[in-house]
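The values are calculated or read from the model by the stated rules, or taken from the named source; none is laboratory data. This is a predicted model, so every value here is computed, not measured. Heads up, the Cβs are rebuilt from the backbone with ideal geometry, glycines too, and the neighbour counts pull from every protein chain shown.
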């Protein structure tokens, strides 16, 4: 396995290789061990300045990146779109170039428009990390999900059965997960209402099932996705054109502890957050022994540390280096 990444950006899972994924996992494992220590910092990036540009709301991803940067000793700049000059009509590229002129080395960006990270990578010299672009991709989430699956199963994912359940159509997490899991050799089954599954999605090499109990019986891991009402033209409690009501969705595709307990095998339950409790998951399922949701959050810091460290041009990290 090569000891350095094949790319200078993380724009999406589609642009990286299986070797890149395994290198990130190997590096993240070392960083996770260090994060268990009383002193959690590894000043490997103390010479770098990283700008976090979030044009969409975020809690887990933004805090996870900020913590990862601080753990590596980097200087950070946090950008708030609501108080920026973009509100005065400044273009995105002008905004980013102004930030780069202050000697910023790396950009972490989340944006509602698909393709923005790719566009920036073609027009500026800094490393770009995609923290989510529209319904396109969310590569670090897919990486931390797959890393968490391997950890929970204590096994590589080749030949494992992974179910992705919920709002597939509007989910950048689903797209990145499918590509990442396919590269790692997993079998993938999608489950949700027909209106929330993209047409011809089987062409990506996945199966589709509209029965959540059958899907749970089949899988080793169930990754449950949030119903994204904000991308369906409605807000919480409002009707959308994709299904009759949240109550009916919960009754048909929601997962509860009773369903998990009666399965023939103990599966791993995941969710990228935030959870709509009582819709895609009941609280007794989300907080059950099946759930590794908080482990995902913990692993997010280690994965993002690995991505930042490797994109800075470093080779595979080893604890023996410090």
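Below are the figures for this structure:
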quantity	calculated
Unmet requirement for residue 32, which otherwise passes all of (1) free of Cβ contacts under 8 Å to residues at least 40 places away in the same chain; (2) surrounded by 14 or more Cβ atoms within 10 Å (Cβ to Cβ); (3) more than 25 Å from residue 175 (Cα to Cα)	(1)
Yes/no for residue 145 being modelled with pLDDT of 95 or more and in the same structural domain as residue 201 (by TED's automatic domain parsing)	yes
In the range 269-322, the residues that are more than 22 Å from residue 249 (Cα to Cα) and at pLDDT below 95	313, 314, 315, 316, 317, 318, 319, 320, 321, 322
Some residue of the range 255-270 being closer than 18 Å to residue 197 by Cβ and either in contact (Cβ under 8 Å) with a residue 40 or more places away in the chain or assigned by TED's automatic domain parsing to the domain that holds residue 170 (or both)	yes
Some residue of the range 230-240 being at pLDDT below 95 and farther than 23 Å from residue 272 by Cβ	yes
The range 272-284 residues that are in the same structural domain as residue 246 (by TED's automatic domain parsing), paired with ones that are in a helix (DSSP H, G or I) and surrounded by 14 or more Cβ atoms within 10 Å (Cβ to Cβ) (beta carbon under 6 Å, 6 or more apart)	272/141; 272/173; 273/60; 275/286; 279/246; 279/250; 284/257
Whichever residue in the range 210-228 is touching a residue at least 24 places away in the same chain (Cβ under 8 Å), farther than 18 Å from residue 296 by Cβ and in contact with a strand residue (DSSP E or B) (Cβ under 8 Å, 6 or more places away or on another chain) and, among such residues, is surrounded by the most Cβ atoms within 10 Å (Cβ to Cβ)	215
Selection count where residues are crowded, with 19+ Cβ neighbours inside 10 Å and either assigned to a helix (DSSP H, G or I) or at positive phi (or both), scope the range 13-24	5
Output for the range 150-164, where each listed residue is touching a helix residue (DSSP H, G or I) at 6+ places or on another chain (Cβ under 8 Å) and assigned to a helix (DSSP H, G or I)	150, 151, 152
Test for residue 176: is it modelled with pLDDT of 95 or more and in the same structural domain as residue 148 (by TED's automatic domain parsing)	yes
Number of the exception - residue 45 against (1) modelled with pLDDT under 95; (2) over 19 Å from the mean Cα position of the chain (by Cα)	(1)
